[in-house]
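**Student:** Structure incoming, see below.
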Amino acid sequence: MSITSKALQTGFFGTYGGQVVPPALQKNLDELSAAFLTARKDKQFQQQLHQLLRTYANRPSGLYEAKRLTDESGGARIFLKREDLNHTGSHKINNVLGQALLAQQMGKTKLLAETGAGQHGVAVATAAALLGMQARIYMGERDIKNQAMNLDRMRLLGAEVVSVKAGQGTLKDAVDAALQAYVSEPDAYYLLGSAVGPHPYPIMVREFQRVIGDEVLEQMKQQVGRLPNAVVACVGGGSNALGLFSAFIPHREVKIVAAEPGGLGRDSRRHGLSLLCGQTQTLHGFTSKVLLTNTGEVAESYSAASGLDYPGVSPELSYYYDQGRLSSVPVTDAEAVQAMVILSRCEGIIPALESAHAVAAGMELARKLGKEAVIIINLSGRGDKDVSHVVRDFPELITTQHRV
């Protein structure tokens, strides 16, 4: 689905989006917006990006029919969009290559980024090495403890990693720190990894990720001969979800499902259910659905999946949710880990804990649909980074014997 000219210029989807930033940041964003709009129409830029996606990132990623997972679920045919097979192991490389090329074109020499699960940080460090740029990655102290492998990968690639101890020590706080650095360093480019933040970031990230859904449309024609009945993706900020959903928004017969982090349960207030429980608020320079306390402050989000631990969500997804074009399904930590184990033992594919939320929601949806139906689950990343964390914190779920 193409972005409207109004959204391209203003960043608004209904009442969501826009820019609420200090003057010091406004100048940077105006420069970035102009560069992005030019690059969208620049054939040379687009050709360079397409070539890197094909020869470096390993696109197109496969669309795999998971027959044993389908049998386990007992319903609709399940296909997995294999973003976990991309270079660096997730969908993050799609957006990172686009923005890194844009930064280079703008004459920037340093990439700044936030990261939660570490996959975005790894992708940014990778792109910096590829293009001969510096990279500094901000990562919450709490996330660093759970993502030691990705921390080592970033450092091996030559990036500086800054531990953010402020606040919760999670993704929200890493964004705060990266934005502060962006304002004070004129040679730096802030490479935001999710479809959040002030305009033009949500639209820009969505446009660089839409390759996912565009590929799925073509692959479905070739492999099945029709559109799927439903598409499912995990949602924290929303980059992988919009990457898949964007192609299907116009096809109203296709059900769109966002698997949100239910954490310890909706009633526990230890979750990241921004679509289901959020209220309209401004966060990090944009307006969207945000988790709030009883006093109207931004609430602490929680998920065992570091990449979903964010108290807000894409303004575009907020708009589609209000319009009834997509639905949200809460998936608890335990349900996500169970889905991670099932996919691993049914198909020999270890998904990221973030992606496992989508697997859990997709399996439940498959049970409700007939066997003639087809579901696409976006497998946004691989699970190497989560194995130690899951084995340590959920030993009872890992050791449970599963029928194979």
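The values are calculated or read from the model by the stated rules, or taken from the named source; none is laboratory data. None of the values given here were measured: they were computed from a predicted structure. Virtual Cβ from ideal backbone geometry, glycine too; neighbours counted across all protein chains shown. Areas reflect the complete protein model, heavy atoms only, side chains present, ligands, DNA and RNA absent. Shrake-Rupley method; radii C 1.70, N 1.55, O 1.52, S 1.80 Å.
**Student:** Within segment 95-109, take every residue that is open to solvent by 10 Å² or more (accessible area, probe 1.4 Å) and in a helix (DSSP H, G or I) and give me the one that is farthest from N150 (Cα to Cα).
**Tutor:** Q105
**Student:** Taking helices (runs of 4 or more DSSP H) that do not extend beyond segment 125-238, which have at least 1 residues that are buried (at least 24 other Cβ atoms within 10 Å of the Cβ), among the aliphatic types (A, V, I, L, M) and out of contact with any Cys (no Cβ under 6 Å at 6 or more places or on another chain)?
**Tutor:** 148-156, 171-184, 201-209, 211-223
**Student:** Count, please, the residues in segment 44-63 that happen to be assigned to a helix (DSSP H, G or I) and either under 25 Å from H199 (Cβ atoms) or of a type outside the set (D, E, K, R) (or both).
**Tutor:** The total comes to 11.
**Student:** Would you pick out the residues in segment 33-55 that are open to solvent by 70 Å² or more (accessible area, probe 1.4 Å), more than 20 Å from G107 (Cβ to Cβ) and within 22 Å of the chain's Cα centre (by Cα)?
**Tutor:** Those that are open to solvent by 70 Å² or more (accessible area, probe 1.4 Å), more than 20 Å from G107 (Cβ to Cβ) and within 22 Å of the chain's Cα centre (by Cα): H50, R54.
**Student:** Would you please list the contacts, defined by Cβ atoms under 6 Å and residues six or more apart or on different chains, that run from a residue in segment 214-241 that is closer than 30 Å to S306 by Cα to a residue that is open to solvent by 60 Å² or more (accessible area, probe 1.4 Å)?
**Tutor:** From residues that are closer than 30 Å to S306 by Cα, the pairs are E215/P60; A230/K255.
**Student:** Hey, another quick one. Please list, ordered by first then second residue, the pairs with beta carbon atoms under 6 Å, 6 or more apart or interchain, first in segment 59-72 and closer than 15 Å to E364 by Cα and among the acidic types (D, E), second open to solvent by less than 20 Å² (accessible area, probe 1.4 Å) and in a helix (DSSP H, G or I).
**Tutor:** From segment 59-72, the pairs are E72/C346.
**Student:** Looking only at segment 2-19, count every residue that is open to solvent by 70 Å² or more (accessible area, probe 1.4 Å) and modelled with pLDDT under 95 and tell me the total.
**Tutor:** Residues in segment 2-19 being open to solvent by 70 Å² or more (accessible area, probe 1.4 Å) and modelled with pLDDT under 95: 5 in total.
**Student:** So is A339 free of Cβ contacts under 8 Å to residues at least 40 places away in the same chain, surrounded by 18 or more Cβ atoms within 10 Å (Cβ to Cβ) and touching a helix residue (DSSP H, G or I) at 6+ places or on another chain (Cβ under 6 Å) or not?
**Tutor:** Criteria met by A339.
**Student:** Quick one: which residue in L25, L80 is in a helix (DSSP H, G or I) and open to solvent by less than 50 Å² (accessible area, probe 1.4 Å)?
**Tutor:** L25
**Student:** Okay, next question. In segment 115-124, which residues are in contact with a Gly (Cβ under 6 Å, 6 or more places away or on another chain) and assigned to a helix (DSSP H, G or I)?
**Tutor:** Q119, H120
**Student:** Restricting attention to segment 225-249, which residues are on the phi < 0 side of the Ramachandran plot and out of contact with any strand residue (DSSP E or B) (no Cβ under 6 Å at 6 or more places or on another chain)?
**Tutor:** Across segment 225-249, the qualifying residues are R226, L227, G236, G237, S239, L242, G243, S246, A247, I249.
**Student:** I've got another one for you. Looking at segment 226-237, is at least one residue closer than 22 Å to L37 by Cα and in contact with an Asp or Glu (Cβ under 7 Å, 6 or more places away or on another chain)?
**Tutor:** no
**Student:** Any idea which of T15, T55, T38 is over 23 Å from I3 (Cα atoms) and not charged (D, E, K, R)?
**Tutor:** Exactly one of T15, T55, T38 is over 23 Å from I3 (Cα atoms) and not charged (D, E, K, R), namely T55.
**Student:** What residue, among those in segment 127-147 that are in contact with a helix residue (DSSP H, G or I) (Cβ under 7 Å, 6 or more places away or on another chain) and closer than 22 Å to L353 by Cα, is modelled with the lowest pLDDT?
**Tutor:** So the residue we want is N146.
**Student:** Of the residues that sit in segment 253-272 and are assigned to a loop (DSSP other than H, G, I, E, B) and crowded, with 23+ Cβ neighbours inside 10 Å, which one is nearest to the chain's Cα centre (by Cα)?
**Tutor:** G272
**Student:** L112: within 20 Å of S33 (Cα to Cα) and either basic (K, R) or not in a helix (DSSP H, G or I) (or both), yes or no?
**Tutor:** In short, yes.
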